[in-house]
Amino acid sequence: MKKNNILKIKDISVSYGPIRALNNISLGVGEGEIVVLIGANGAGKTTLLKAILGIQEVQSGNILFLGNDITRKATDKIVSSGICLIPEGHVIFSSMTVLENLQLGAYYNTREMNKNLKRVFDWFPILRERSNQIGGTLSGGEQQMLAIGRGLMSNPKLVMVDEPSLGLAPKLVSEIFNILIELNKEGYTILLAEQNAKKALECGNRGYVMETGKIVIQGTTQELMNNLEVRQAYLGSSI
């Protein structure tokens, strides 16, 4: 059954000076889906997420969220409307405690801070154990959990996750992807940008393949995994 799009992007383009970073990108994210963006480093995945959040200026096209045009709104307005971005590299405030990091995540939703804090600690018990520990002393996997937890503190309607596997050991990568699957089961809609195409496609519902600022292939994740071109370029297989 087709899901209603909570995010709809129509023909957006973004440039860095004379370089066209995104070229007429169109896509949709349905409520309750995990939609994945796969592609090599430099394909435009991060630029697209930044454009959605208003961090990167959009030259043309439109971005609709919950039916409202957010194309040129300020980032704080976009965040408060229900979108969060968990950036690549498990970015946290390394000199602050785990609890302080999470409290900052509730900046746009202080009324529900205690309820959301309990939920984050239920999902990530290690963060409860380390709540008074300085963030910079956590392991890479724990910092990624903290980055995800901080994003969830705003109780977002759309969670955008950029390269969650970056710099993590294979075991931790599997753990992080399992967490995203569980969050989706809890009702979170997720837009995931990831170079690890196999892991991303295994956990998603639909996907888009990006190359040099364009979407070149799209479909269900099963269709993409069965696509010979995708298998050869991103999954290391031609079978």
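The values are calculated or read from the model by the stated rules, or taken from the named source; none is laboratory data. Bear in mind the structure is a predicted one, so any value in this text is a computation, not a measurement. Cβ placement follows ideal geometry from the backbone for every residue including glycine, while neighbour counts extend to all protein chains displayed.
Would you point out which residue out of Val79, Val98 is within 24 Å of Glu186 (Cβ to Cβ), crowded, with 16+ Cβ neighbours inside 10 Å, in contact with a Leu (Cβ under 6 Å, 6 or more places away or on another chain) and aliphatic (A, V, I, L, M)?
None of the others qualify; the one that does is Val98.
Quick check on my filter: what residues within segment 6-18 are out of contact with any strand residue (DSSP E or B) (no Cβ under 8 Å at 6 or more places or on another chain) and assigned to a strand (DSSP E or B)?
Tyr16
Take segment 101-111 and flag every residue that is under 22 Å from the mean Cα position of the chain (by Cα), exposed (fewer than 15 other Cβ atoms within 10 Å of the Cβ) and assigned to a helix (DSSP H, G or I).
The answer is Leu104, and nothing else.
Inside segment 183-226, can you point out the residues that are among the hydrophobic types (A, V, I, L, M, F, W, C), in contact (Cβ under 8 Å) with a residue 12 or more places away in the chain, part of a strand (DSSP E or B) and more than 18 Å from Val159 (Cβ to Cβ)?
Passing the criteria: Val209, Met210, Ile215, Ile217.
Would you check if there is a residue in segment 133-141 being surrounded by fewer than 17 Cβ atoms within 10 Å (Cβ to Cβ), outside any loop (DSSP other than H, G, I, E, B), touching a Cys at 6+ places or on another chain (Cβ under 9 Å) and of a type in the set (A, V, I, L, M)?
No, there is no match, as no residue in segment 133-141 is surrounded by fewer than 17 Cβ atoms within 10 Å (Cβ to Cβ), outside any loop (DSSP other than H, G, I, E, B), touching a Cys at 6+ places or on another chain (Cβ under 9 Å) and of a type in the set (A, V, I, L, M).
With among the aliphatic types (A, V, I, L, M), in contact with a Lys or Arg (Cβ under 6 Å, 6 or more places away or on another chain) and farther than 19 Å from Leu7 by Cα as the only criterion, which of Leu224, Leu228, Leu235, Leu166 stands out?
Leu235
If a residue has to be more than 21 Å from Asn109 (Cβ to Cβ) and part of a strand (DSSP E or B) to count, how many in segment 56-81 make the cut?
The total comes to 6.
Can you spot a residue in segment 90-99 that is over 19 Å from the mean Cα position of the chain (by Cα), over 17 Å from Lys214 (Cβ atoms) and in a helix (DSSP H, G or I)?
yes
At pLDDT below 95 and not hydroxyl-bearing (Ser, Thr, Tyr): does that describe Gly213?
Answer is no for this residue.
So, in segment 19-55, of the ones that are in a strand (DSSP E or B) and small (Gly, Ala, Ser), which residue ends up surrounded by the most Cβ atoms within 10 Å (Cβ to Cβ)?
Ala21
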